[in-house]
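Here is the structure we will look at.
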Amino acid sequence: MKPIAFSRRQFLAGTGALSLLPRASLAAGPEGLTAEVAQAQIAPETYPVTEVYSYGGAFPGPMIRLPQGGRIRRELLNNLPVPTSIHWHGIRIDNAMDGVAGLTQEAVSPGQSFTYDFTLPDAGTYWYHAHTSSMEQVARGLYGPLIVEEADGPDVDRDEVLMLDDWLLDPETAQIDPAFDHPMDLSHAGRRGNLIGTNGRYGYRLTAKRGERLRLRLINAANARIFVLRLAGLSGWTVALDGMPLDAPEKVDGEIILAPAQRVDLIVDVSAEETQEVAILRADDDEEWRVQVGFDLSGEATGRAAEPLPLPPNPGMAPVDLGRATKLEMRMEGGAMGNMPSGRMNGQMMGFRQMMQDGMFWTLAGVAGMDEAPFARLSRGEPVRLKLINDTVFPHAMHLHGQHFREIVGEVQGPMRDTLLSLPGQTTEIAFTADNPGKWLFHCHMLGHAASGMTTWIEVA
Ligand code: C2O
Ligand code: CU
């Protein structure tokens, strides 16, 4: 494993004084989104600023909040030295606007622009991020929150977006480690950072009043880290997953697991006693719980906690017609300590060793990387049941573009999601109705895995 360069002590030492990031205000107008190099104070203040890729100079990119049913129109202007494109993660979008370079559009070259223009059918917590060399560009900072508001949202005191991430930084200079395609990362659990933070910085904190009711929208923007979280001093309910409201709120009384790209909406009451710590805690690899987001309490709000819990309105998406569903199966193979599958790559059969020499470490249904033919061709409206067999010793976060799916357990249809965590050795099943025409990626959102084989696509026509 790559040695962790930053020592935790160094970082803890720097967290006394918190200050706001010198965030550039939107460099581009409301209709523009300029991809450009910027500086951000990710590490504590005693460290230098970090050079990042940004949208409009801000890291994370500007908050986009629009009403459900609204239209988003943003012109991406590429001022980066590399081609890029934007994917609007989780949106049931018009395929031409999906932002996947090489599948739904050409990457936007430096100096060029591309206008994304589409409507937002579903309310919820989404995000946007680069989808050209995403393993590198997302890790360099090209992402931001996309919040689609319900016409009649739950009554809360405040709504906070928390984008969780980790960064692999040089311990002296605080610059992003440029070794994105390190085979050790790609073939193992992916690129994991040595500094963990929220909303673009280490040691992010919120202020709140005791008795307040908050809606917290958590987004995992990390390349590979699975966040294991717990609430302290907060009583909470999960009300939505991956943007989609649950049928009924679920009390949070254990861990919240957030795989890369997944979102969870919580409604929390600040219920702490006088001296109790209020925080979202994170379990680290050493099994210690550490503060992911701390809360500074000042003042009291009037007894919200006694009121019934407000819920985002449920869109009542129809269950999948399992009886008629086309059955598909996809085996995930490869990776370190795996079964060394041979597979098809660039249209040819190859042995695993040969694949590895070309930087491919994983296969999905026997194929490494994008193939000319889709994994499945589906007709519009076709119900599908897809069995996912994780025949590797690593977890994967499988994401389908363009439509939501439900996890099927037995014959029970779980909540709508767009990204599913698949654990080592586990077989899971998802079902969806292929109702959005186009070419849609299906890939692991551990972006190093996606880049080294775990990317395929389906076609709905
Ligand atoms: Cu969030 Cu294919 O991506
Ligand atoms: Cu993976």
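Show Thr428, Thr275, Thr433 ordered by accessible area, largest first, where the area counts protein heavy atoms only and the probe is 1.4 Å. Spell out each step's value before the answer.
Details: Thr428 10, Thr275 135, Thr433 45 Å².
The ordering from most to least exposed comes out as Thr275, Thr433, Thr428.
Positive end of the dipole of the chain, charges at C-beta (+1 Lys, Arg; -1 Asp, Glu), about the Cα centre: which of Pro395, Phe442, Met416 has its Cα farthest in that direction? Working it through, the farthest residue towards the positive pole turns out to be Phe442. Each Cα pair under 8 Å and six or more residues apart adds its sequence gap; the mean of these over the residue count of region 35-114 is a relative contact order of 25 percent.
Counting only protein chains, not ligands or nucleic acids, how are Val49, Val409 ordered by accessible area (probe 1.4 Å), most first?
Numbers: Val49 60, Val409 95 Å².
Heavy-atom accessible area, descending, gives Val409, Val49.
A 1.4 Å probe over all protein chains sorts Ser342, Ser235 by accessible area into Ser342, Ser235, starting with the largest. Taking every protein chain into account, the 1.4 Å probe leaves Leu169 with about 10 Å² of accessible area, to the nearest ten.
Expressed in nm to one decimal, what extension gain is obtained for the pair Ala232 and Ala461 from 0.36 nm per residue of sequence separation less their Cα-Cα distance?
Values: separation 229, 0.36 × 229 = 82.44 nm, distance 4.80 nm.
Full-extension gain reported as 77.6 nm.
In terms of the mean number of neighbouring beta-carbon atoms within 10 Å, the peptides 220-232, 441-453 order highest first as 441-453, 220-232. Taking all protein chains as they are arranged and a probe of 1.4 Å, the heavy atoms of Asp177 leave approximately 40 Å² accessible to solvent. The mean of 1/r over all distinct Cα pairs in the chain, once inverted, gives the Kirkwood hydrodynamic radius of 22.6 Å. Listed by chain and number, the aspartates and glutamates whose C-alpha is less than 17 Å from the C-alpha of Lys327, apart from same-chain residues fewer than 8 away, are Glu382, Glu407, Glu411, Glu429, Asp435, Glu459.
For Lys209, the aspartates and glutamates whose Cα falls under 15 Å of its own Cα, not counting residues fewer than eight places away in the same chain, are Asp157, Asp159, Glu160, Asp269, Glu273, Glu274, Glu277, Asp296, Glu300. For region 167-184, putting each phi into the Karplus relation 6.51 cos²θ - 1.76 cosθ + 1.60 with θ = phi - 60° gives couplings of 10, 9, 10, 6, x, 8, 9, 6, 8, 5, 4, x, 7, 6, 9, 4, x, 4 Hz, in residue order, rounded to whole numbers and with x for Gly and Pro.
Relative to the Cα centre, what is the charge dipole magnitude of region 48-173, using +1 at the beta carbon of each Lys and Arg, -1 at the beta carbon of each Asp and Glu, and rounding to the nearest 20 debye?
Details: 7 positive and 19 negative charges, 92 e Å.
Dipole magnitude for region 48-173 comes out near 440 debye.
Computed about its Cα centre, the charge dipole of the chain is approximately 500 debye, with only Lys, Arg, Asp and Glu carrying charge at their Cβ. The convex hull around the C-alpha trace of region 17-149, projected and averaged over every direction, spans 8.0 square nanometres. Between Gly57, Pro310, Leu281, the Cα set farthest toward the positive side of the dipole of the chain (charges on each charged residue's Cβ, about the Cα centre) is that of Gly57. Based on the reciprocal of the average 1/r between different C-alpha atoms, the Kirkwood radius for region 350-451 equals 14.7 Å. Look at the dipole of region 17-149 built from charges on Cβ: of Ala101, Thr34, Gly111, the Cα furthest out on the positive end belongs to Thr34. Among 81-87, 117-123, 392-398, the peptide with the highest mean count of other Cβ atoms within 10 Å heads the list, and the full ranking is 392-398, 81-87, 117-123. The residues packed around Ala123, meaning those with a beta-carbon under 13 Å from its beta-carbon, carry a net charge of -2 if Lys and Arg are +1 and Asp and Glu are -1. One Cα centroid belongs to region 308-386, the other to region 398-461; the line between them spans 7 Å.
Computed with a 1.4 Å probe over protein heavy atoms only, the accessible area of Phe361 comes to about 20 Å².
Sequentially through region 79-87, phi angles give Karplus couplings (6.51, -1.76, 1.60; θ = phi - 60°) of 9, 8, x, 10, x, 8, 6, 10, 9 Hz, Gly and Pro residues having no value and appearing as x.
Evaluate the charge dipole of region 322-460 about its Cα centre and quote only its size in Debye, nearest 20, assuming +1 on the Cβ of each Lys and Arg and -1 on the Cβ of each Asp and Glu.
Values: 12 positive and 13 negative charges, 29 e Å.
Using only the charged Cβ atoms, the result is roughly 140 debye.
For the chain, leaving out every one of the GluC sites (Glu not before Pro) that falls in a DSSP loop and has at most 14 other Cβ atoms within 10 Å, the longest unbroken run is 289-371.
Taking 0.36 nm per residue of separation and subtracting the Cα-Cα distance, full extension of the segment from Thr275 to Thr119 would add 51.5 nm.
The values are calculated or read from the model by the stated rules, or taken from the named source; none is laboratory data. Bear in mind the structure is a predicted one, so any value in this text is a computation, not a measurement. Neighbour counts are summed over all protein chains in view; Cβ atoms, including those assigned to glycine, are modelled from backbone coordinates with ideal geometry. These area figures cover heavy atoms from the full protein model, side chains too; ligands, DNA and RNA do not enter into them. Shrake-Rupley method; radii C 1.70, N 1.55, O 1.52, S 1.80 Å.
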